[in-house]
Structure formats: C-alpha cells, structure tokens
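Colleague: Take this structure first; my questions come after.
The values are calculated or read from the model by the stated rules, or taken from the named source; none is laboratory data. Computed from a predicted structure; not experimentally measured. Here Cβ is always computed from backbone atoms with ideal geometry, including for glycine, and neighbour counts include all displayed protein chains.
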C-alpha cells in the first residue's frame, strides 16, 4: 500500500490539474460544485466524467451524456477481469477495492501481466482518488468565478486532453482504425444529429477495429 | 432533480457496477476473447469522437477556430512525451493566445 502511494506520487500533480479542469468544465456545464465533487468521489473515472459534462454542456441531454460516459467506462469490465484473481475476501470488500481500479493504478501495478500487485494498485488508487476529488473541489470553486471556459482557452485544452488520453489507447493498428472510424463518424454526424449522438454513434467504429482481428 | 444530478447518479451507479464486473462478478472466469477485443476498441473510438467534437463542433456546425491551435499545441506536447498536465496547459495557452491575436 505504502509502495503504491510512492509509485503513484509522480501522477498526483497531473491528476490534481485534471481534476481542477473537470471542476471548471462541470461548472460551465451547469453542475453545482457539490454535484461535481460527488461525481469525482463516486465515479472516479476522469475521461467519462469530462465526456458527460461536455455532452451536457453542449446541450446533448441526460441520456446522451450518461450513455457516452458509460460507454467510455465499459473498458473497466475487461480491465477488471484481467485482475479479478487478485481480489480476495468478502464481496463488499472486493466491491470497495474494485472502485480504486483506474487506468493509471491498473497500469502501474502491472495490470494485464502476471506481476500484478493488488497492494500497489490500492496505494496508487487511494492517492489518485484524493488528488482527483481535491482537484475537482478546487476547479469547481474556481469555476464559479470563471464562468466562460473559452475565456482561458479551456475549450481548446479539453480537445488536447482528449487527444492525449486517446494516444495512450492507440497501442495497436486495430485501435488506430477504431479511432479513425470514430473521428469520421463524429465529423459526419455533427451537422446531422443533436449534440451527444455523434459521440455514441462513434462506438460503431469498433467494428472497423474488429474486422482486422 | 437537475440534469446534472441525474447524470451524476446514473453515471456513478453504472460505473461502480462496471468496475465490479471483474473483482466481484467474474472472479476467475474470462470474457470470450472476441468480446474482450471488441470492448477494448470502444475507448479509442469514443475518445477520437470527443477530440473532433471538442475541437470542431459548435452546436451542429463544424467550425475551425482557435481551438485547433490548442489541439495542435497539445499534439506537439504529446509527441514530445510531455506529461498530461503540460498537454492541457499547452492546449489552453495556444487557444487563448490565438483568440487574443485574432
């Protein structure tokens, strides 16, 4: 656990900053500060939270926001399955510990390999949880002051953030094909459908990645 | 209930359940490999769509504006293997800078 806190420490400033960005975006998308902080504490999955706030802020509606966010989090099903064997004890304990599985804690603890260390994962997860929730609180309070995210170029920053998150997932040619397909679908559908729909429809691009398997 | 709270609750409950699938539900069983590889493609597809939407969408229109400079600066930072927060700050500064100049 302590080792995990140490391993995760270099990520803390980044997660604080990202949490703050989410807080600002959430306020600009008509979230109250409490709603933003509660979301970070319970959902604890950055890209999906940013996606939900982004879709809601663009006028996409609740259903589109929720579906887009949950589709992004479907990856936690296979991710969790790769490390399921390391979780022991009662169901309630496994349920609680499972919430600390995020991309970073999973990767730093050797997720997907035989060396997976649950204690490291828990340590990284706990450290990042506090950074994420704390950062969100800072951003949500600042966000009340900065009501227009375009004022500081924050809209461009979110596009850059999604790009950086995307690059971390482009590990195979199939992933690149799925990404290219998703981008194309979004571009084609944006003028034709209400906001939010292009993001959900982009999942159809998994077929582009799949056929090449 | 506001749209924000409804979203917070629905996404929260759904995510808790998704994270529990492995450690609580499956234990030692495995997903069929075809399904697992399909699910692994969902992230790249949606994140790419979000890049397009955040960079170019303005309501239902596709526009090129200062945000493109932010994406470009972010891409350069990613290529330079900069940490995530540098990517975000570079994106914000480039977007705000171009907006000031125009």
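Colleague: Which numbered condition trips up residue A:56, out of (1) part of a helix (DSSP H, G or I); (2) more than 7 Å from chain B (Cβ to nearest Cβ)?
Modeller: (2)
Colleague: Anything in region A:95-106 that is buried (at least 20 other Cβ atoms within 10 Å of the Cβ), part of a helix (DSSP H, G or I) and at pLDDT 85 or above? List them, or say none.
Modeller: Passing the criteria: A:97, A:98, A:105.
Colleague: Please work out if residue A:133 is out of contact with any strand residue (DSSP E or B) (no Cβ under 6 Å at 6 or more places or on another chain) and modelled with pLDDT of 85 or more.
Modeller: For residue A:133, the condition - out of contact with any strand residue (DSSP E or B) (no Cβ under 6 Å at 6 or more places or on another chain) and modelled with pLDDT of 85 or more - is met.
Colleague: Residues of region A:101-120 being in contact (Cβ under 8 Å) with a residue 40 or more places away in the chain and closer than 19 Å to residue A:47 by Cβ, which ones?
Modeller: Once the filter is applied, which keeps residues that are in contact (Cβ under 8 Å) with a residue 40 or more places away in the chain and closer than 19 Å to residue A:47 by Cβ, region A:101-120 yields A:102, A:103, A:104, A:105, A:108.
Colleague: Let me ask something additional. Quick check, is residue B:34 surrounded by fewer than 19 Cβ atoms within 10 Å (Cβ to Cβ) and touching a residue at least 24 places away in the same chain (Cβ under 8 Å)?
Modeller: So residue B:34 does not fit the description; no.
Okay, residues lined up against (1) surrounded by fewer than 24 Cβ atoms within 10 Å (Cβ to Cβ); (2) assigned to a helix (DSSP H, G or I); (3) without any contact (Cβ under 8 Å) to a residue 24 or more places away in the chain; (4) touching a strand residue (DSSP E or B) at 6+ places or on another chain (Cβ under 6 Å):
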| site | (1), (2), (3), (4) |
| --- | --- |
| A:155 | no, yes, yes, no |
| A:167 | yes, yes, yes, no |
| A:177 | yes, yes, no, no |
| A:180 | yes, yes, no, no |
| A:192 | yes, no, yes, no |
| A:202 | no, yes, yes, no |
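Colleague: Quickly run through region A:17-31 and pick out the residues that are at the interface with chain B (Cβ under 7 Å from one of its Cβ atoms) and either in contact (Cβ under 8 Å) with a residue 60 or more places away in the chain or assigned to a helix (DSSP H, G or I) (or both).
Modeller: Result: A:17, A:18, A:21, A:31.
Colleague: Let me ask something else about it. So residue B:98 clears everything in (1) farther than 25 Å from residue A:17 by Cα; (2) more than 7 Å from every other protein chain (Cβ to nearest Cβ); (3) at pLDDT 85 or above except one condition, right? Which one?
Modeller: (1)
Colleague: Considering B:13, B:21, which residue is surrounded by fewer than 19 Cβ atoms within 10 Å (Cβ to Cβ), in a helix (DSSP H, G or I) and without any contact (Cβ under 8 Å) to a residue 12 or more places away in the chain?
Modeller: B:13
Colleague: Would you check if there is a residue in region B:41-49 being in contact with a helix residue (DSSP H, G or I) (Cβ under 6 Å, 6 or more places away or on another chain), closer than 30 Å to residue A:91 by Cα and either within 7 Å of chain A (Cβ to nearest Cβ) or surrounded by fewer than 22 Cβ atoms within 10 Å (Cβ to Cβ) (or both)?
Modeller: yes
Colleague: Going through A:72, A:25, A:88 one at a time, which residue ends up being within 17 Å of residue A:142 (Cα to Cα) and either modelled with pLDDT under 90 or in contact with a strand residue (DSSP E or B) (Cβ under 6 Å, 6 or more places away or on another chain) (or both)?
Modeller: Going through A:72, A:25, A:88 in turn, the sole match is A:25.
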